[in-house]
Each structure stands twice: as C-alpha cells, then as structure tokens.
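In what follows, a structure is listed as structure tokens, so that the remarks can point back to it.
The values are calculated or read from the model by the stated rules, or taken from the named source; none is laboratory data. Nothing here was measured: the structure is a model prediction, and the numbers come from that model. Neighbour counts run over all protein chains shown; Cβ positions are idealised from the backbone, glycine included. Calculation scope for accessible area: heavy atoms of the full protein, side chains included, ligands and nucleic acids excluded. Shrake-Rupley method; radii C 1.70, N 1.55, O 1.52, S 1.80 Å.
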Amino acid sequence: MIDDWAAVAGESPASLATGAELIARWSEPRRRYHTLDHLAAVLSAVSQLAPLAGDLAAVRLAAWFHDAVYDGRPGWDEERSAQLAQSRLPACGVPAARVAEVARLVRLTAAHDTLAAGDRNGAVLCDADLAVLGRPGYDDYAARIRQEYAHVPDDLFRKGRAEVLRRLLALPRLYRTERARELWEERARANLSRELAALASGRG
C-alpha cells in the first residue's frame, strides 16, 4: 500500500517513513476491523466519490489518518489521530492549510452527524467511512466490530450496539452525497435492520 500513500503524499524520505508508520499502525495485531482492509475499503470508496470532493488529496490523506490511532475510545482515538496528522504531514511537504483540513476531517469522523451542509470534503470522507454498511461483507464487518469489543459483556454490547444502529436508522439519509445514496443506502438500511433484529432476539 505504500505506493497508494506515495501517490498522495510524495516519495520524500519523510513521506515514505510516515507511510511505513501508518501501515504499521493499521497492521497492529490487536485490531480486528480497523485494519489495512478497512483502510483500503475507505480509499476505494473515496475514489468512487472522488469528483464530489473539493480537495481530494486532503480527503485521501484524512482516510489514511482517520483510525491511525485506535484504542477503542471514541472521540479520543480521532483526536489523537488528528494530532498525529498535524505532527507528521508538515515534514512530508504538505501545505499548512491542507494539514489543517486533514486534521479537521479526521476529527469529523468521530461523530458523522456533526457534518455541516456544504462540506464537500467531509461528505466524501464520511460517506466512504460508512460505505461498509451497504457493501457486501456486512456480517463479517459486524463480527469484527464485536471482536474489537470482546472486553464488553454480551448484554452491554447488545444494548450499546442497538443504540448505534437505531440512531443510524433514524437518520433521514445515511449518506450525504447523492452518489453514495445510489450505491449503498438501500442495502445499508437492510443490513442495519437485520442486525438490529438479531440483537433484539439475542442472536447478535
């Protein structure tokens, strides 16, 4: 994947070192869902939505950093990932304004519902991050999320996960871009509803 990184961040020694660091972080053995496979899937989804972004390079860089720090602590993980971007990207030759945008986008993934109207970069990144909900392999995704929260008792996990699913299903639109809705909305809602039913029956 280092070639994908170099395509957006350049091939300077600092850039290649940062790319290697990010790949190592995404490859941490304790991860189950937030792995290189997830990163590759998000980057692929970003490419599908690429014409909709205002600064595609910033969106792609944000995808690389958005779960670079992952300890299973929502909000805190995104903040530390944003700080990592701010500390690494200047040495890679990324302009200050783009570094700031990357950090903003990474922080945005902590709570997708804070996305402001007209935020083209944010819409593309958030839609790409949620593309898994409407793509093949949803059951594997859900199982891996459970593995990452293996320390949480079943009853507490089912309650918390069900709350997340209900909140998503209550949204008038899961995706912010029309293209993402065309690609993933219908299947995503079916997948979420199916998992929620399984949790309610004690099977999730």
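Things to note:
- Among the GluC sites (Glu not before Pro) within the stretch 1-108, those in coil by DSSP and having at most 15 neighbouring Cβ atoms inside 10 Å are E11.
- Both radii were evaluated on the Cα set of the stretch 123-204; the Rg over Rh quotient, with Rh as the Kirkwood radius, amounts to 0.98.
- Alpha-carbon centroid distance for the pair the stretch 56-110 / the stretch 145-176, whole angstrom: 24 Å
- Note, ³J(HN,Hα) from phi for the stretch 23-40, Karplus 6.51, -1.76, 1.60, rounded to Hz, x at Gly and Pro: 4, 5, 5, 5, 9, 3, x, 6, 6, 10, 10, 7, 10, 4, 4, 5, 4, 4
- Under Karplus coefficients 6.51, -1.76 and 1.60, residue-wise ³J(HN,Hα) of the stretch 54-66 in Hz, glycine/proline x: x, 9, 4, 4, 5, 5, 5, 4, 5, 4, 4, 9, 5
- Loop trypsin sites (Lys or Arg not before Pro), the stretch 110-204, which have at most 16 other Cβ atoms in a 10 Å radius of their Cβ (DSSP): R173, R203
- Mean residue ellipticity at 222 nm, helices only, the chain: -19000 deg cm²/dmol; runs of at least 4 DSSP H residues each add -39,500 (n - 2.57), and the sum is divided by the number of residues.
- Crossing angle, helix 120-129 versus the chain [Cα axis fit, 0-90 degrees, rounded to tens]: 50 degrees
- Rounded percent of accessible protein surface that carbon and sulfur make up, the stretch 1-124, 1.4 Å probe: 55 percent
- Solvent-accessible area per residue for the stretch 106-204 (1.4 angstrom probe, square angstrom): 54 Å²
- Solvent-accessible area per residue for the stretch 1-97 (1.4 angstrom probe, square angstrom): 44 Å²
- Across the chain, Cα pairs under 8 Å and at least six residues apart give a relative contact order of 21 percent.
- Once backbone amide H atoms are built at 1.01 Å from N, R176 has D127 as its partners under 5 Å, excluding neighbours fewer than 5 places away on the same chain.
- Kirkwood Rh and Cα Rg combined as Rg/Rh, the stretch 1-58: 1.00
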